[in-house]
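The values are calculated or read from the model by the stated rules, or taken from the named source; none is laboratory data. Since we're looking at a predicted model, the values are computed, not measured. Note: ideal-geometry Cβ built from the backbone for every residue, glycine included; neighbour counts use all protein chains shown. Each accessible area value is taken on the protein alone, full model and side chains, heavy atoms only, with ligands, DNA and RNA left out. Shrake-Rupley method; radii C 1.70, N 1.55, O 1.52, S 1.80 Å.
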Amino acid sequence: MREYKLVVLGSGGVGKSALTVQFVQSVFVDRYDPTIEDSYRKQVEVDNQQCMLEILDTAGTEQFTAMRDLYMKNGQGFILVFSIILASTFEELGELHRQILRVKDVDKVPIVLVGNKCDLEGDRKVPREKGELLSQKWGGTPFYETSARTRINVDEVFYDLVRMINRQNPIKVDKSKGNKVKKCAIL
């Protein structure tokens, strides 16, 4: 079974933990308790393949930014989360994106852009079009609006990220396994 290291990043209070816990445990956590670092494991099936997801839910507060380089170095795919009701959380994603590319030293990394709290439409401060434009700017990164509270697009975000990792790093099947022919040594 293939293992995937997924990292959930974004500002404090955007719902990174709520999104992750909803995906892993199907529970909505409505209290805000700032995360330093939480790790979750979940076995899922994506496109008829069993996968073990190791999900790192990271701190959104400034005091833990030094830990981010390590998260980014070890992660295979990233979920960048902002809150649609707080514009500053959207503006901060550009720096996170640049930091991931710098730490990984690549031009493209599997990333899913997430505008969380879409159940609070009446309080929206970030228009959907801004998320769509940013996703295009980042080379067609998938963009989802989610609600951890009502479980809108929660599974899709994680599954899509797994698919992106698979496209970028396909599993190489060794066709010789199972068809091994023993050769006799000639002395």
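Do you know which of the residues in segment 48-87 that are hydroxyl-bearing (Ser, Thr, Tyr), at pLDDT below 95 and not in a helix (DSSP H, G or I) is surrounded by the most Cβ atoms within 10 Å (Cβ to Cβ)?
Initial filter on segment 48-87 (hydroxyl-bearing (Ser, Thr, Tyr)): 58, 61, 65, 71, 83.
If we keep only those that are at pLDDT below 95 as well, we get 58, 61, 65, 71.
Adding the requirement that they be not in a helix (DSSP H, G or I) leaves 58, 61.
Working: THR58: 25, THR61: 13.
Among those residues, the one meeting the criterion is THR58.
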Discussion item. Restricting to segment 106-154, name every residue that is at pLDDT 95 or above, part of a loop (DSSP other than H, G, I, E, B) and open to solvent by 70 Å² or more (accessible area, probe 1.4 Å).
Written reply: LYS125, ARG149, THR150, ARG151
Discussion item. Under 6 Å between Cβ atoms, which residue pairs at least 6 apart in sequence (or on different chains) link something in segment 90-106 that is farther than 25 Å from ARG128 by Cβ with a partner that is modelled with pLDDT under 95 and assigned to a helix (DSSP H, G or I)?
Written reply: VAL103/ASP69; VAL103/MET72; VAL103/LYS73
